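Working notes, structure below.
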Amino acid sequence: MKKRFILGFTVFTVVFLLSSVAIAADYWSYPVSSATIAADGKPGGWKYWLNGWGWHLGQDLIKPAKTQIKNARWGYVRHVGEHASFGHVVIIESPREYEPSTDPARWKNPITHIYGHLRHDEYLDKTIAKIGKTIDRGTVIGRIGNKAENGGWSTEHLHFGMRNGRYVASPWVYFGYTTDSNTLSKWKKPSSIVDNY
């Protein structure tokens with residue numbers, strides 16, 4: 001009887017500890033530490049209107065060039081590429097809540113997050129941020145670019161955006177701005193997800 005109790009207690013403890021580790025690892029974090037988040041309603045802020053370009057979709061995290069950028073949540077790499085006025089870009093789709101499956105098609109309520117104004121350098125070439133692969137939270141996916149590398153922006157920063165829903169075939173809906181209210185309604189303020197998760 002005592003052996004059964006000890007065995008049962010041991011199994012319970014192991015399962016509990018493994019579950020706790022999995023849940024503890026399943027959260028959002030900022031892609032850079034101690035960054036200045038550009039203020040809402042000002043250039044670089046959240047959903048401000050920029051001179052006819054449209055609503056800004058995301059938050060600009062101001063850090064120097066070559067600052068390492070880390071993935072904010074484990075997920076599935078959907079897009080990696082260079083784009084005019086955005087520099088090098090990485091787009092990742094992640095589950096919003098804990099999901100036991102690594103198959104994005106089975107996730108109930110995913111969020112797609114974008115990292116823009118990166119430099120195309122050896123960090124990006126060596127990263128595991130490859131299209132079609134899963135990637136862990138905290139993995140270095142690139143570095144912030146300078147004006148010559150980030151699409152021409154004089155203030156060096158990371159554009160960090162989050163959109164409700166699965167990644168769509170055309171990545172252009174993720175690049176910074178929109179004039180469409182339907183598109184605007186799908187975007188979330190990144191700090192509202194990271195800070196409140």
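The values are calculated or read from the model by the stated rules, or taken from the named source; none is laboratory data. All values reported here derive from a predicted model rather than from experimental measurement. All Cβ positions, even for glycine, are placed from backbone atoms using ideal geometry, and neighbour counts span all protein chains on display. Heads up: the accessible areas ignore ligands, DNA and RNA and are worked out on the full protein's heavy atoms, side chains in. Shrake-Rupley method; radii C 1.70, N 1.55, O 1.52, S 1.80 Å.
Remarks
- Solvent exposure of segment 47-196, expressed per residue, is 45 Å² of accessible area, with all protein chains present and a 1.4 angstrom probe.
- Spin-label pair Ser192-Ser154: with each label point 7 Å from Cα along the Cα-Cβ axis, the two points sit 3.2 nm from one another.
- J(HN,Hα) series, segment 178-188, from Karplus relation 6.51 cos²θ - 1.76 cosθ + 1.60, nearest Hz, glycine and proline x: 8, 9, 8, 5, 5, 5, 4, 5, 8, 8, 10
- Proximal aspartates and glutamates to Lys108, defined as alpha-carbon separation beneath 18 angstrom and excluding residues fewer than eight positions away on the same chain: Asp26, Glu93, Glu97, Glu99
- Phi to ³J(HN,Hα) by Karplus 6.51 cos²θ - 1.76 cosθ + 1.60 over segment 131-145, Hz, x for Gly, Pro: 3, x, 10, 7, 9, 7, 5, x, 6, 5, 10, x, 9, 5, x
- All aspartates and glutamates inside 20 Å of Lys66 as judged from Cα atoms, apart from same-chain residues fewer than 8 positions distant: Glu82, Asp121, Glu122, Asp125, Glu149, Glu156
- You can think of it this way: the chain between Ile128 and Ala84 has 13.5 nm of extra reach, that is 0.36 nm per residue less the Cα-Cα gap.
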